[in-house]
Amino acid sequence: MAYYAKIVNQKVVNVIKADADFFDTFVDDSPGDWIEAFPDAGGDSDKRYNFCGVEDNYDAVADAFYSAKPYPSWTLNTTTYTWEAPVATPSEPSWWDEENNQWVSM
């Protein structure tokens with residue numbers, strides 16, 4: 001079994017688990033493309049960097065899945081396809097304060 005994501009306008013709209021031969025007989029008349037997604041991607045570019053969920057993004061040029069932008073100030077790291085805060089993440093548990101662009105200890 002493998003996972004497949006349906007992509008419409010660079011957005012993941014569905015994720016299913018199916019055998020590869022499922023697509024030999026599957027009929028889907030709605031717009032979009034099905035591509036394989038890898039739960040063990042772990043940043044591996046050969047596995048589209050990240051596993052995906054509905055509403056995640058897909059960059060066809062980079063062949064990469066990545067989550068929705070969590071905060072306006074964060075930037076996408078195009079080496080890992082993960083979002084990064086404008087300041088380094090602290091080692092202790094914290095939450096992001098977007099208004100002040102800083103991490104706040106819990």
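The values are calculated or read from the model by the stated rules, or taken from the named source; none is laboratory data. Treat the numbers as computed from the prediction; the structure is a model and nothing was measured. All Cβ positions, glycine included, derive from the backbone under ideal geometry; neighbour counts span all protein chains shown.
What the table shows:
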read-out: Of the criteria (1) of a type in the set (Asp, Glu); (2) closer than 28 Å to Asn101 by Cβ; (3) not assigned by TED's automatic domain parsing to the domain that holds Asn100, which one Asp19 fails; value: (2)
read-out: Asp44 surrounded by fewer than 11 Cβ atoms within 10 Å (Cβ to Cβ) and more than 21 Å from Val8 (Cα to Cα); value: no
read-out: Test: residue in the range 67-82 that is at positive phi, in the same structural domain as Lys6 (by TED's automatic domain parsing) and not acidic (Asp, Glu); value: no
read-out: Qualifying positions in the range 6-24 - among the acidic types (Asp, Glu) and assigned to a loop (DSSP other than H, G, I, E, B); value: Asp19, Asp21
read-out: Residue list for the range 47-63, restricted to those being over 10 Å from the mean Cα position of the chain (by Cα) and either loosely packed, with under 15 Cβ neighbours inside 10 Å or farther than 15 Å from Tyr81 by Cβ (or both); value: Ala60, Val61, Ala62, Asp63
read-out: Filter result (in contact (Cβ under 8 Å) with a residue 12 or more places away in the chain, more than 16 Å from Ala68 (Cβ to Cβ) and outside any loop (DSSP other than H, G, I, E, B)) within the range 79-103; value: Ser94, Gln102, Trp103
read-out: Qualifying position, being among the β-branched types (Val, Ile, Thr) and touching an Asp or Glu at 6+ places or on another chain (Cβ under 8 Å), among Ile7, Ile35, Ile16; value: Ile7
read-out: Of all residues in the range 16-41 being without any contact (Cβ under 8 Å) to a residue 24 or more places away in the chain and either closer than 25 Å to Asn77 by Cβ or surrounded by 11 or more Cβ atoms within 10 Å (Cβ to Cβ) (or both), the one that is nearest to the chain's Cα centre (by Cα); value: Asp40
read-out: Residue within the range 64-71 that is of a type in the set (A, V, I, L, M, F, W, C), surrounded by 13 or more Cβ atoms within 10 Å (Cβ to Cβ), in contact with a Lys or Arg (Cβ under 8 Å, 6 or more places away or on another chain) and free of Cβ contacts under 8 Å to residues at least 24 places away in the same chain present; value: yes
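Yes/no per residue for (1) modelled with pLDDT of 95 or more; (2) in a strand (DSSP E or B); (3) small (Gly, Ala, Ser):
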site: Gly42; (1), (2), (3): no, no, yes
site: Tyr58; (1), (2), (3): yes, yes, no
site: Lys69; (1), (2), (3): yes, no, no
site: Ser73; (1), (2), (3): yes, no, yes
